[in-house]
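Working notes for the structure below.
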Amino acid sequence: MAIPLRLCTHAGCSELVPFNQRYCAKHKPDLKRQATRQERMEYEAKELQFYASARWRKLSKSFRLRFPVCKSCLERGIVREAGLVDHIWSIKTPRGWEHRLSESNLQSLCIPCHNAKTAREIAERRGQSPDE
């Protein structure tokens, strides 16, 4: 009996995987490399505290209400609901941190577009291409 297949969940990947799996071998997340919240607190404490603040939650909610469509998708002619508000300049950078509450540094994105942008930023910081 053949096992049903489906596409890899990674954006843009067309590899088929068994139905009970989410990713192909190339895109399978390395669970050992994923940091726990406690580990993240050690090196991202100020960012995590910022994202938990009432000021950010209020700003994020009001921004998403005014801009409910994903900016990245809209530029490609696709209308998709934005799932979150993203910082154009990462708050991990001095420029981004300085403008963390500035609406000129915000954009509404859907989850897949945000994940792709974040993967690109992480790869750039590591000096890799995003697909490695």
For segment 104-120, which positions are touching a Leu at 6+ places or on another chain (Cβ under 8 Å), touching a residue at least 40 places away in the same chain (Cβ under 8 Å) and assigned to a helix (DSSP H, G or I)?
LYS117
Matching entry among ALA35, ALA54 (being of a type in the set (A, V, I, L, M, F, W, C), modelled with pLDDT under 90 and exposed (fewer than 14 other Cβ atoms within 10 Å of the Cβ))
ALA35
Looking at segment 21-32 only, could you name the residues that are modelled with pLDDT of 65 or more and closer than 17 Å to ASN115 by Cβ?
ARG22, TYR23, CYS24, LYS26, HIS27, LYS28, PRO29
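This table checks each residue for (1) in contact (Cβ under 8 Å) with a residue 60 or more places away in the chain; (2) over 23 Å from GLU121 (Cα atoms); (3) open to solvent by 60 Å² or more (accessible area, probe 1.4 Å); (4) within 17 Å of the chain's Cα centre (by Cα).
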| residue | (1), (2), (3), (4) |
| --- | --- |
| SER60 | no, no, no, yes |
| VAL69 | no, no, no, yes |
| GLU75 | no, no, yes, no |
| VAL79 | no, yes, yes, no |
| ALA82 | no, no, no, yes |
| HIS87 | no, no, no, yes |
| SER90 | no, no, no, yes |
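The values are calculated or read from the model by the stated rules, or taken from the named source; none is laboratory data. These figures come from a predicted structure and were not determined experimentally. Don't worry about glycine lacking a Cβ; one is built from the backbone with ideal geometry, like all the others, and counts go over all protein chains shown. For accessibility, only protein heavy atoms count, side chains too; no ligands or nucleic acids. Shrake-Rupley method; radii C 1.70, N 1.55, O 1.52, S 1.80 Å.
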